[in-house]
Amino acid sequence: MIETLFAETYLEFTGILPETIEPMERTAMINPNKRKIYVAGAYSGPDVLTVLDNMRIGIQTSADLFKRGFSPFCPWLDHHFCLLIPKEKLTVEMFYQYSMDFLYCCDAVLVVDNPLNVWSKGTQKEIANAIAFKIPVFYNLTDLLRWSENGARA
């Protein structure tokens, strides 16, 4: 039943039946040499302009990593969930847990260049959890690139 519903929905949106698509092996889809980077940094702030600036810094850093061939996790894109899910169904704790779930899967953490990181409890928690799980933490792109080029693996 679920497969049929999925196929009908897929056909409706794409015009293609899923059975006609040649599936890839899961291992063929995963590039072990492509580093997964958790991008950490301040999100909240005392006013909306600070929050938006924090988002700009984080998203720009993530986009720079993406252009360089990394697979970045960008927590500043979480706001899309708030646009689609009613507020009463979301909690801050849900966002923290969701971010931590991704952190544990990443090869490294890059902390964005933002002086507000010192006061960000979330950023400090991300750094502490990464260290506890022996995930390398970098505070600048140069060191992250050097680590990646040397073939280091978390």
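The values are calculated or read from the model by the stated rules, or taken from the named source; none is laboratory data. Remember, predicted model here, so these are calculated numbers, not experimental data. With ideal geometry, Cβ positions are generated from the backbone for all residues, glycine too; neighbour counts draw on all protein chains shown.
Picking from residues in region 115-128 that are in contact with a helix residue (DSSP H, G or I) (Cβ under 9 Å, 6 or more places away or on another chain) and either surrounded by fewer than 18 Cβ atoms within 10 Å (Cβ to Cβ) or outside the structural domain of D78 (by TED's automatic domain parsing) (or both), the one that is farthest from F73 (Cα to Cα) is V118. A residue that is of a type in the set (G, A, S), under 15 Å from G41 (Cα atoms), in contact with an Asp or Glu (Cβ under 9 Å, 6 or more places away or on another chain) and in a helix (DSSP H, G or I) occurs somewhere in region 91-100. Is it the case that T61 is in the same structural domain as L110 (by TED's automatic domain parsing), among the polar types (S, T, N, Q) and touching a Gly at 6+ places or on another chain (Cβ under 8 Å)? Yes: the conditions hold for T61. Scanning region 65-79 for residues that are among the charged types (D, E, K, R) and surrounded by fewer than 13 Cβ atoms within 10 Å (Cβ to Cβ) yields one hit, K67. For region 65-79, what are the residues that are of a type in the set (D, E, K, R), in contact with a helix residue (DSSP H, G or I) (Cβ under 8 Å, 6 or more places away or on another chain) and without any contact (Cβ under 8 Å) to a residue 60 or more places away in the chain? Across region 65-79, the qualifying residue is only D78. For region 80-100, indicate whether the set of residues that are in the same structural domain as K36 (by TED's automatic domain parsing), touching a residue at least 40 places away in the same chain (Cβ under 8 Å), surrounded by fewer than 17 Cβ atoms within 10 Å (Cβ to Cβ) and at negative phi is non-empty. For region 80-100, residues in the same structural domain as K36 (by TED's automatic domain parsing), touching a residue at least 40 places away in the same chain (Cβ under 8 Å), surrounded by fewer than 17 Cβ atoms within 10 Å (Cβ to Cβ) and at negative phi: absent. Each residue in region 103-120 was checked for being modelled with pLDDT of 95 or more and part of a helix (DSSP H, G or I), and 1 of them qualify. Residue count for region 38-64 satisfying the condition of being free of Cβ contacts under 8 Å to residues at least 40 places away in the same chain, more than 23 Å from D143 (Cβ to Cβ) and not acidic (D, E): 6. For region 108-154, a residue qualifies if it is under 20 Å from L52 (Cα atoms) and among the β-branched types (V, I, T), and the qualifying residues are V111, V112, V118, T123. If you go through region 60-90 and keep only what is outside any loop (DSSP other than H, G, I, E, B) and within 12 Å of Y38 (Cα to Cα), you end up with T61, S62, L65, F66, S71, P72, F73, P75, W76.
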